Every structure is written in structure tokens, then in C-alpha cells.
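J.: Once you've had a glance at the structure underneath, I'll fire off some questions.
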Amino acid sequence: MESLPRLDFFELHDLDGTPRVLRTLHTESILTIYRLTDAAREYSRPLELALRSGADHRIVDLCSGSGGPVPLIQRRLHSAGVHTQVTLTDLVPNVHAFERVARNRPPCCPVDHVPSPVDATDCRLEGTRTIYGAFHHFAPPLATRILQNAVDTRQPIVVVDTKRSWLYVLVFPFFLMLAVLLAAPFQRNPLPRYLLRLALTYVVPVLPFMMFFDSVVSFLRMYGRAELRRMVDALRDTSTFTWTIGVQRGFTGAQYLIGIPRP
Ligand SMILES: C[S@@+](CC[C@H](N)C(=O)[O-])C[C@H]1O[C@@H](n2cnc3c(N)ncnc32)[C@H](O)[C@@H]1O
């Protein structure tokens, strides 16, 4: 797997100059893809493993984007008899999207959010931290700071991303771009944003291109298991945590890192 070297290149939706509305449309597309696929089933397993191993059932989701997969995962966990309380956070919180996710939740699956910026590298919130589909955005020094912050504040952490392999680099971006093209008319947005989405999908196809480009780059900069292990081994007081690194079987290639404070 790690014969494919990790390439730290930029993603378009991460650039400072990318208009906020474009970022929002992009992260909403990611959310739609989670909804259309069964990814939440595979993605729920590492979190379930962590919770069954003693991690706090209050979930602090970092880098939530437009909500990400955690609210979907929460419902799956509930069906499996694991109850959680979810708080969505982001450095640039999309409060409207968070409010939309929180609306109409069944009492079994409460979701709230932090409306102010929460930096994953310097978080003070208590609960099990989750980072879904975002850890690869951070270069090694920042990624290490996220893990070190969890250790320093003694909060469990669950990181889920995709494994780095040619298969994902060469195949998935086409599927993801196709999903953006097919799903645009069905995405629920206020009318002006809905029209903007259609224009940026079919007239000037910025959104499909952004999904293609960003997913190629994403899959090239995923961390491999050996890199995660080295990162964990280099943390201060790493032995005060139990670390588990693995890959979940299935089409998503979900790779995870679980850290739980030792009693
Ligand atoms: C790929 S996006 C969304 C990921 C989301 N979990 C999902 O699966 O849809 C990555 C998110 O990370 C956020 N982000 C970037 N740097 C961050 C930081 N230092 N702390 C918290 N969030 C950050 C961005 O604002 C963006 O919303």
C-alpha cells in the first residue's frame, strides 16, 4: 500500500481564496455522497469499536464540514444498541448546515453544534473526538498536533480516512464526480443556492471538477498505517493511551486510528 508515496498537494476547497459558498456546496456534495452510499455502515465500525472499548459516548466531531457522516453513523450505532450524543464542530463552522442536520432528529439521536470556530489542533471540548475524511488535510506536523492535543487533554480520538492505494486514486474520483453530476438536481438547498449548484454543475462545471481534483489529491495524501504508527510512537506520553490502527473491510477502504486513554 505504502509503495504509493504520500503527496502533500493542495485541495481546491482548502484554498484561502476559494469562496465560502463554493466550499459549502462542495462539502454538501460530500454529505450527499455519504447519504447515497452505504459508507456510514463501514465508517461506523471503528467508532463502535472505540465506544465498546470504553470511549466516552459524548462525540465531539472535529472538521465536520456540512455535517459529514457522523449523524448517519449515530443512527446506525443506535440501531446496534450504542447511544451517543453528537456535537458538530469546524474551524469554519457551517452553522446553517449544522442547524439543518440537528433539526428533526429523533430523541434517540441528539445532535448539537458549536457555532464558533473549533480548531482540531487545539480543542478543549470533552468527549470522544472523531475526524472523518479530513485527517489527510493536515500535513504531518499539524496532524501530530491533533493527536498530541487529544493525549494532552486525555480525550479519546477516532480518526477515519481511506487507505492510500492506486485503486482509490484511479477509480474513485470518477465515481465521485459522476455522483456530483447525477445528484445535483436532487439536493435540497434554498432556491438561490439550488440554482447556483445547477449552474456550477452543468453550465460551468466547477463542482464536478472540484470533486474530481480534490478526490485525486485526497487519495494521494492519505496517511498509511506505518506513517500513522510512527506519528503515534513519537507523541509525548503516548504510552498513556491505547492505540489501534486498522482497516475496515469493504468498498470505502476505511482506515482508522483509535486512541483511548488508559485508566
Ligand atoms: C473535507 S472537509 C469535511 C470533512 C467532513 N468530516 C466530511 O466528511 O464531510 C474538511 C473540513 O475540515 C475543516 N478544517 C480545516 N482545518 C481545520 C482545523 N484546524 N480545525 C478544524 N477543522 C478544520 C474545514 O473547514 C473543512 O470543513
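The values are calculated or read from the model by the stated rules, or taken from the named source; none is laboratory data. No experiment lies behind these values; they were computed from the predicted model shown. Using ideal geometry, Cβ is built from the backbone for each residue, glycine included, and neighbour counts are taken over all protein chains shown. Heavy atoms of the whole protein, side chains included, go into the accessibility calculation; ligands, DNA and RNA do not. Shrake-Rupley method; radii C 1.70, N 1.55, O 1.52, S 1.80 Å.
J.: May I ask you to derive the relative contact order of the chain, considering only C-alpha pairs under 8 Å and at least 6 residues apart, and to give it as an integer percent?
T.: Once normalised by length, the contact order is 23 percent.
J.: Here is a follow-up. Ranked highest first by average number of other Cβ atoms within 10 Å, how do 140-149, 59-68 line up?
T.: Details: 140-149: 17.6, 59-68: 26.6.
Packing proxy ranking, top to bottom: 59-68, 140-149.
J.: Between Val82 and Arg262, how many nm apart are label points set 7 Å from Cα along the C-beta direction?
T.: Once both label points are built, they end up 2.3 nm from each other.
J.: Work out the charge dipole of the range 12-261 with +1 on the Cβ of Lys and Arg and -1 on the Cβ of Asp and Glu about the Cα centre, then indicate which of Cys123, Ser218, Cys108 is farthest towards its positive end.
T.: The residue sitting farthest along the positive end of the dipole is Cys108.
J.: In addition: How much net charge surrounds Ser79 when only the other residues with a Cβ under 14 Å from the Cβ of Ser79 are counted, with Lys and Arg +1 and Asp and Glu -1?
T.: Computed value for this residue: +2.
J.: Using a probe radius of 1.4 Å on heavy atoms only, what accessible surface per residue do you get for the range 12-261? Whole Å² is fine.
T.: That works out to 44 Å² for each residue.
J.: What ranking, highest mean first, results for peptides 167-177, 127-137 when packing means the other Cβ atoms within 10 Å averaged over each residue?
T.: Averaged packing, sorted descending, gives the order 127-137, 167-177.
J.: Please list 226-232, 95-101 highest first by mean number of surrounding beta-carbon atoms within 10 Å per residue.
T.: Answer by packing, highest mean first, reads 95-101, 226-232.
J.: For the chain, what does -39500 (n - 2.57) per DSSP helix run (n ≥ 4), summed and divided by total residues, give at 222 nm, in deg cm²/dmol to the nearest 500?
T.: Using -39500 (n - 2.57) per qualifying helix, the result is -13500 deg cm²/dmol.
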